[in-house]
Structure formats: structure tokens, C-alpha cells
Amino acid sequence: MKSTLKAAAFACALSTSAMAADTSNATGGVRPFVGIGYSSGGDTIMPVQITVTNSAGTQYREDISAGAGIEARAGLWFRPQGSAFSVRGSLGVHNDQSNGINNDQSFFRRYPIELQAIWHQSPQLSLGLGARKATRAVFGVNNATLSDGNGNTQQNVTFREKYKSSVGVVLEGEWAITPGWGLSLRYVRERFKTQDDAPETVKGDHVGLATQWYFN
């Protein structure tokens, strides 16, 4: 008798959980979207030290990291009518950059492709899990002054170093402020490897905050 009651209670719990998902979808179909956000994390690719002009030698750090930077994306979102699930695909640009006043610049830039499966827990809350491939990843400097840490410097250096990325994992929770505008918290796990004779692997793991606008 106790086993029967436990089984009934468990079935009831599953039913309640399933009913908690949002299946009311009155706006199913395909919707284009754009988004922008900022992330932090990953290994430091190059430490950057900024010296403030017209100051008493004031300096600060602004490192270039494999998981940091501003990210903009655009793509398509699809949800079948009456379903608690949707899919979202996007193309973007993710860039961590430092600029000086003398046209000196350092950056780590990549163009991620993402595909997510999304569960809509309610009309406001959705949780996504997907894959990410950061294509055309490159670290570069323009007109920079480089130091080896021993007092030796080289002026006006410009170069590029290409990286290959692994297929990463994306976890994202989004809260819909309105039906067409949402805020999200993201976590990405990915790796990058230099394309040279002695490849070096760097972690691009990061967390980020983003906002998305959905149209139609």
C-alpha cells in the first residue's frame, strides 16, 4: 500500500512539473533577433599596461583575455505552436580590445556560431543549452610597444596570431521583460589553440550578461 502511494505521489509530481512548463505559445513561428552583451573570463593572452598621458606616470592593467569582451549577435529563433521548447541559432562577433591614443591597439577577436535548444519554464523564464564554435579567432596588435619583462622594448610592432577553437558548450538563462525583449546570464566553456609548430592551448571559459531583441 505504501509503495502504491509513493508511486502515485511521484507520478503526480512529474505531472505537476510538466504542467509548469509554458505551452501557451500564442506567438509561435520564426522570429529574427539581435543581441549584445559583455563577458569576462578566460586565460590572459597578453597583459596590457596602459600609461595615462599628461599624468604623473599613472598606469593600469587592461589585459586581453580569451573569454572577455563585447559580443554582438544576430540570428533566428523558432518555436512550434503550443510547444514548451524552441531552438535558436546565431552568428556573432566577440571582441576583447585595448586602444591607445597613438593608434596602438591589441585585440582578440572571434566570430562565434551558436545553436541552442531552449526550454520555456514560464512566459518569462527560459533555459537554454547548446553548442558554440568560435570561428576565425585571431589575436593581433597594431603599432604596439612590446616588453619582454627584462627592460627590453620593441616599438611599433604589428602582428597577427591565428587560433583554432574547440566546439564549446553554452548554458543560458533568459528573463523576458517584454515579449520582444529579454535579459540573459550566460556561461560558455571553450578552448583555443595556436596554429604554430608548438601549439599552446588557452581557456576561453567565461560568464556574460546580454540582452536580446526579438522581432515579429
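Tabulated results
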read-out	value
Any chance residue 203 is within 15 Å of the chain's Cα centre (by Cα) and open to solvent by 60 Å² or more (accessible area, probe 1.4 Å)	yes
Subset tally (residues that are without any contact (Cβ under 8 Å) to a residue 40 or more places away in the chain, of a type in the set (A, V, I, L, M, F, W, C) and surrounded by 14 or more Cβ atoms within 10 Å (Cβ to Cβ)) for the range 107-117	2
Where residue 129 falls short, out of the listed (1) out of contact with any Phe, Trp or Tyr (no Cβ under 9 Å at 6 or more places or on another chain); (2) loosely packed, with under 14 Cβ neighbours inside 10 Å	(1)
Where a residue in the range 80-98 is farther than 18 Å from residue 204 by Cβ and its partner, wherever it lies, is of a type in the set (Ser, Thr, Tyr) and at pLDDT below 95, with Cβ under 6 Å and at least six apart	82/23; 84/23
From the options 178, 194, 201, residue that is in contact (Cβ under 8 Å) with a residue 24 or more places away in the chain and not charged (D, E, K, R)	194
Filtered residues of the range 206-216 (kept if aromatic (Phe, Trp, Tyr) and either open to solvent by less than 90 Å² (accessible area, probe 1.4 Å) or in a strand (DSSP E or B) (or both))	213, 214
Filter result (part of a strand (DSSP E or B), surrounded by 11 or more Cβ atoms within 10 Å (Cβ to Cβ) and at pLDDT below 90) within the range 44-87	46, 49, 50, 51
Identity of the residue in the range 146-195, of a type in the set (D, E, K, R) and open to solvent by 70 Å² or more (accessible area, probe 1.4 Å), that ends up farthest from residue 128 (Cα to Cα)	148
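The values are calculated or read from the model by the stated rules, or taken from the named source; none is laboratory data. Worth saying up front: this structure is predicted, and the values here are computed from it rather than measured. We place every Cβ from the backbone using ideal geometry, glycine too, and count neighbours over all the protein chains shown. To get the accessible areas, we keep the full protein, side chains included, count just its heavy atoms, and leave off ligands, DNA and RNA. Shrake-Rupley method; radii C 1.70, N 1.55, O 1.52, S 1.80 Å.
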